[in-house]
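Enquirer: Before we start, here is the structure in question, set down as structure tokens.
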Amino acid sequence: MNQEIVSIIQKDYLYNLMLKGERLDGRGFEETREIKIETGVIDKAEGSARVELGDTKIIAGVKIQPGTPFPDSPDKGVIITSLELIPLASPEFESGPPRENAVELARVVDRGVRESGAIDLSKLCIREGEKVWMVFIDVHVLDAGGNIMDAAALGAIAALLTAKIPGARYGEGEDIPLPIRDIPISVTAVDIAGGIVFDPSLEEERAANCKLTVITNQESAISGMQKSGNGSLTTDQINHIVEVAAKKAQEIREKFLEI
Amino acid sequence: MNDKPEKFIDNNGLRLDGRKADQIRDIKIEVGVLSRADGSCYLEMGNNKVIAAVYGPREVHPRHQQKSTKAIVRYKYNMASFSVEDRKRPGPDRRSIEVSKVSREALEDMIFTEYFPKSAIDIFVEILQADAGTRTAALNAASVALADAGIPMRGLVSACAVGKVDETLVVDLNKDEDNYGQADMPIAMTPDGKITLLQMDGNFTLEQFKQGLEMAQEGCRQVYEFQRKALLDYYAKKEETEEVAVIEEVLQEEAPEEVVEESIAEEMEEIEEDEAEEVKAAEAESDQEIEEDSSETYETSDTVEEEATETEEPEDEDEEKEEDESTIDESDDEREVSQ
């Protein structure tokens with residue numbers, strides 16, 4: 001209730017700022033917050049990364065274990081992605097099994113990794129129909145400061161890039177790096193009373209009608225998209241978001257390769 | 001499960017099921033198929049068979065979920081275990097949780113939820129047979145069911161997918177095109193062209209995306225015509241068969257309304273009388289006061305006027321309340337008729 005009232009006032013304020021071409025934290029409409037990526041933070045995990053996107057902090061871990069393949073793809077590895085909005089990250093999060101927000105975020109992260117073909121799943125086959133490598137990507141949100149989506153997607157691919165298949169431990173050959181072919185980058189924008197801003201902060205996310213996430217691969221083709229939240233977008237707004245997202249993703253990817 | 005077809009588009013530019021690239025599957029819509037629901041719809045889109053029911057606006061359970069300024073909308077997408085080739089484990093999985101969420105978000109802004117504070121509008125969609133594009137079929141059915149339930153909306157939501165097979169864009173994917181295609185993008189659209197649902201997976205270049213979005217929107221427009229026609233036909237037919245019943249209903253309703261009006265009139269008279277008495281009493285008081293102190297006369301007469309206006313206000317409120325109640329009764333009756 002209080003949250004709602006605040007968000008109406010805040011929405012008004014943010015909108016008036018936007019009319020002047022400004023954002024609450026002084027960024028340009030298409031400007032993203034500073035990204036910090038640290039990899040190899042968890043020794044026990046086969047791959048891990050800690051990502052900061054402005055105030056938002058997440059940690060992603062990759063575990064790789066042998067398992068049985070799905071019957072419809074006996075020669076391919078398996079990707080399983082989950083995301084937890086743990087209560088230490090926000091007063092609004094509660095413990096317990098993932099709710100729809102967490103499920104949606106996890107599935108969009110998964111979509112980006114899967115559809116961009118980032119992991120070469122055919123190289124994860126140990127014995128066809130019997131044993132394949134299963135890649136578990138788990139994202140824990142530590143500080144929910146807005147735009148968890150993009151931070152989680154960055155964390156997932158960063159952790160995958162540093163992941164090693166633990167062949168020696170399971171008696172299946174040597175440890176080899178996980179075969180990664182692509183770097184999908186997620187860029188999210190929100191619509192606040194008709195204006196589009198990218199990489200929304202928590203305040204902007206709260207004031208927004210709806211948001212659109214666009215995940216592009218290194219050829220700047222779109223691998224996944226998701227509109228989230230009530231409200232609608234016009235065709236022009238969508239096309240604008242997609243174009244800027246593809247451009248932004250290239251910038252972020254360059255930064256990414258330096259690390 | 002079929003194996004991957006060698007070619008999705010034949011030499012004549014037709015798809016495996018004989019459709020053109022921009023042609024949606026046949027749609028069959030039946031309105032008002034369930035007796036207990038406030039609104040319902042059975043829809044077939046190609047080989048998809050879905051049924052949607054709408055309950056509400058009704059009381060919110062659990063109560064803490066209710067919103068003091070608007071109705072909450074709940075959407076439950078559920079796949080029957082027998083709807084797919086390999087039996088689906090019953091109950092919600094992560095996919096159906098996500099589909100339910102985005103579908104609810106596609107509809108919620110189109111409903112005048114602010115008309116029904118503290119209530120819930122529940123939408124249930126059951127997928128009886130799945131054949132690619134179930135979330136769009138489900139949304140199309142849900143939208144019609146909402147209209148059938150008489151829930152005020154800004155417009156019908158229509159949904160349609162676009163995808164890519166053999167580098168060709170095609171609308172409303174069938175099972176093979178969905179399984180082996182290169183991309184799938186379901187959208188939902190309002191009659192004025194705004195997008196309320198947009199999901200995509202696969203691979204689209206920017207150009208393909210833009211073109212695909214336009215194609216999907218055109219698909220939605222076609223779906224919209226089917227939805228509109230189904231509703232118009234259903235209610236035209238209903239009007240014919242139930243005209244007599246409705247007239248009787250109206251006649252019955254008129255009588256109690258007169259009583260209400262009379263009682264309002266009586267109350268008004270009573271209140272007027274009360275006022276008159278009060279004014280008299282006040283006048284008498286002020287007369288007395290005049291005798292005591294003539295300088296206060298104006299003030300007291302002011303207060304008399306204020307009192308008089310105050311007594312008028314509650315009277316207005318009563319009237320409004322009664323009118324409200326009578327309209328609610330009417331709408332309830334109508335609902336009974338529609339059942």
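No value in this document is a laboratory result; all are computed from the given coordinates. Quick caveat, the model's predicted, so the values are computed rather than measured. With ideal geometry, Cβ positions are generated from the backbone for all residues, glycine too; neighbour counts draw on all protein chains shown.
Enquirer: Kindly work out what percent of the DSSP beta bridges joining two residues of chain A are antiparallel, to the nearest 5.
Expert: Numbers: 45 of 52 bridges.
So the antiparallel bridges in chain A amount to around 85 percent.
Enquirer: Taking only C-alpha pairs under 8 Å that are 6+ residues apart, what is the relative contact order of chain A in percent? Write out the running numbers ahead of the final one.
Expert: Numbers: 558 pairs, mean separation 53.1, N = 259.
Reported as a whole number, the value is 21 percent.
Enquirer: Continuing with this model, one more query. What average count of beta carbons from other chains do you get within 10 Å of the Cβ of residues in A:107-115? Write down the numbers at each step before the final one.
Expert: Values: counts 8, 3, 0, 2, 4, 1, 0, 2, 7.
The mean count of partner-chain Cβ atoms within 10 Å per residue comes to 3.
Enquirer: Evaluate the Debye formula for chain A with equal point scatterers sitting on the alpha carbons, no solvent, and hand back log10 of I(q)/I(0) at q = 0.07, 0.13 Å⁻¹, in q order, two decimals.
Expert: Result of the Debye calculation: -0.25, -0.82.
Enquirer: Net charge near A:Ala60, counting Lys/Arg +1 and Asp/Glu -1 over other residues with Cβ under 13 Å of its Cβ? Mind dumping the intermediate values first?
Expert: Numbers: positive: A:Arg50, A:Lys57, A:Lys63; negative: A:Glu38, A:Glu46, A:Glu52, A:Glu84, A:Asp110, A:Asp138, A:Asp150.
Summing Lys and Arg as +1 and Asp and Glu as -1 gives -4.
Enquirer: Then there is this: At most 11 other Cβ atoms within 10 Å and a DSSP loop assignment: could you name the chymotrypsin sites (Phe, Trp or Tyr not before Pro) in the stretch B:95-145 that fit? Walk me through the intermediate numbers first.
Expert: On the way: sites: B:Phe112, B:Tyr115, B:Phe124; in loops: B:Phe112.
For chymotrypsin sites (Phe, Trp or Tyr not before Pro) across the stretch B:95-145 that sit outside H, G, I, E and B with at most 11 neighbouring Cβ atoms in 10 Å, the list is empty.
Enquirer: Now for a different question. Specify the angular offset, from 0 to 90 degrees and rounded to the nearest 10, of the alpha carbon long axis of helix A:235-258 from the longest principal axis of the alpha carbons in chain A.
Expert: In chain A, helix A:235-258 runs at an angle near 50 degrees to the longest axis.
Enquirer: Averaged over peptide A:231-240, how many Cβ atoms belonging to another chain are found within 10 Å of each residue's Cβ? Each step should come with its number before you reach the end.
Expert: Values: counts 7, 16, 4, 4, 8, 0, 2, 7, 4, 0.
Partner-chain Cβ atoms within 10 Å, mean over residues of A:231-240: 5.
Enquirer: Summing Lys, Arg as +1 and Asp, Glu as -1, what charge do residues with Cβ under 13 Å from the Cβ of A:Glu243 carry, A:Glu243 excluded?
Expert: Overall, the nearby charge balance is 0.
Enquirer: Right, something else. Based on the mean of other Cβ atoms within 10 Å per residue, sort peptides A:76-86, A:204-214 so the most packed one is first.
Expert: A:204-214, A:76-86
Enquirer: Separate question: At R0 = 41 Å, how high is the FRET efficiency between A:Asp25 and B:Ser35 if r is their beta carbon distance? Nearest 0.05 is fine. Don't skip to the answer; put the middle values down first.
Expert: Details: r = 56 Å, r/R0 = 1.36.
Result of the calculation: an efficiency of 0.15.
Enquirer: Write down the Kirkwood hydrodynamic radius of the stretch A:62-131, to one decimal in angstroms, obtained as one divided by the mean of 1/r over all alpha carbon pairs. Show your work: numbers first, answer last.
Expert: Details: mean 1/r = 0.0717 Å⁻¹.
14.0 Å is the Kirkwood radius here.
Enquirer: Give me log10 I(q)/I(0) at q = 0.08, 0.15, 0.18 Å⁻¹ for the stretch B:27-243, Debye formula, one equal scatterer per alpha-carbon, no solvent.
Expert: Evaluating at q = 0.08, 0.15, 0.18 Å⁻¹ gives log10 I(q)/I(0) of -0.28, -0.95, -1.30.
Enquirer: Follow-up question, since we're still on this one. Taking the stretch B:1-80 on its own, what percent of its Cα-Cα pair distances exceed 18 Å? Could you put the intermediate results ahead of the total?
Expert: Numbers: 2052 of 3160 pairs.
Here the tail beyond 18 Å accounts for 65 percent of pairs.
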